[in-house]
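Everything on this sheet refers to the single structure shown next.
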Amino acid sequence: MRPRLLLFCAAAALLASCRDESIATYRVPKETLSPAVPSPATAGTSGITWTLPAGWATQPDPSGMRKGSFGISGADGAKSDRVGGAKADMSVTAFPGDVGGDLPNVNRWRGQVGLPPIDDAALAQTVQTIDAPAGKFSFIELSGVNAAQKTVRMLGAWLQQPDRRWFFKLLGDDALVTAQHDAFFAFLKSVSFDAAPVATPAVADPVKAQSTNDLPKAPFAPFAGGAMPDTGATPDASAAPTPADSSAAPDSTPQASLTWTAPTDWQAKPLGAMRLGSFSVSSDAGNADISVIAFPGEAGGLLPNINRWRGQLGLAPVAEGDLPGATTALDGAGGLHFTVVDLSGQAAGAPARMLGAILSFDGQTYFFKLTGPDALVAREKTAFLDFLKTVRAP
């Protein structure tokens, strides 16, 4: 067992040091972490299971969109000698199709650690592959300085299936994430799927697809968005796609290709790793959350995303033929066209309501969402629609 463990550690070290080499392939050895705890986070819901490494703790996902959400602390045992009270965040998410391809997603991750974008040639020298029982993972390791001027590191991997792409991302304190190399690779090795994914017609370039009819009609897996759990050492705002000051006036977002003006009674919140806009509004009825996120291409199409939102409120999905009656069109400024839904149902056992809008612009799909208690969302409906009308292209 010892020789095999040494070989595994050597492979992990090689992965961390070969950014400037050509693409390499690594087979994760069949070692078992001990102790290890089976994770029930996704069993029976998305067809994926894994074994949770020791020291990884399941944590809440306020967005309700992650397939798995785990926190890792450096304040336990021997690790505290190396990284103190540092923390890291591990997420598992899934997206329909290929979500625009490798380059846009790698550059999105690079932005989260304060690195500039790269081109296709540099990408080929950066991405490695890892052979594991679930398939061939693409892997990238990034380090940089975030908006809080802290050195952070990211281990990121993705697995392409016929109908969707899975993302596995560990982000946090540089030393802590470095110490989690073996655990991260073992986690990938433990991933398994209950059944083979349904094969669907591929789209040559989802970014250029102009109609939802051109996209695969595969079972939808929710993608990551919304506020990310607090990782302690790194504030939410520091994980934003661009080094934005979350306390700045909530009237625009620096990296988005669109700008907007929020109502004066909406309070700006720290940006999560995926949010371009984040606000809250309150009343005696409770609190409501407003988010703006964007993804390359059409992110699976109109119907799957609307059905994803319906599922968050316990509502049955609708068929494509029902879309005209389930949505309304809103014409915004400068020729922008929004598809709007107004949904009422149950969330966390209580009545809830959601206003959502989807906008395709400049090769990306933007999602605007207001969720909260029914009475509060009803009160804010006019403000939400007026907010959409303030959205401007540069």
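The values are calculated or read from the model by the stated rules, or taken from the named source; none is laboratory data. Fair warning: this is a prediction, and the values are worked out from it, not measured in the lab. Here Cβ is always computed from backbone atoms with ideal geometry, including for glycine, and neighbour counts include all displayed protein chains. Side chains included, ligands, DNA and RNA excluded: accessible areas come from the protein's heavy atoms. Shrake-Rupley method; radii C 1.70, N 1.55, O 1.52, S 1.80 Å.
Quick notes
- Three-way shape label, the range 350-394, alpha-carbon gyration tensor, a/c 1.5: oblate
- By the equivalent-ellipsoid construction on the alpha carbon gyration tensor, the range 266-394 comes out with semi-axes of 21, 19, 14 Å, ordered largest to smallest.
- Alpha-carbon centroid distance for the pair the range 272-320 / the range 134-150, whole angstrom: 26 Å
- Annotation: per residue accessible area for the range 267-390 equals 38 Å², rounded to a whole number [probe 1.4 Å, protein chains only].
- When the pairs 67/87; 67/150; 87/369; 67/389; 87/169 are compared against a 24 Å limit on Cα-Cα distance, 67/150; 87/369; 67/389 fall above it.
- Highest average packing first - 337-346, 89-98, 112-121, 362-371, Cβ atoms within 10 Å: 89-98, 362-371, 337-346, 112-121
- Estimated FRET transfer efficiency when R0 is 41 angstrom, pair residue 151-residue 193 (beta carbons, to 0.05): 0.70
- For the range 269-347, the carbon plus sulfur part of the accessible surface works out to 54%, probe radius 1.4 Å.
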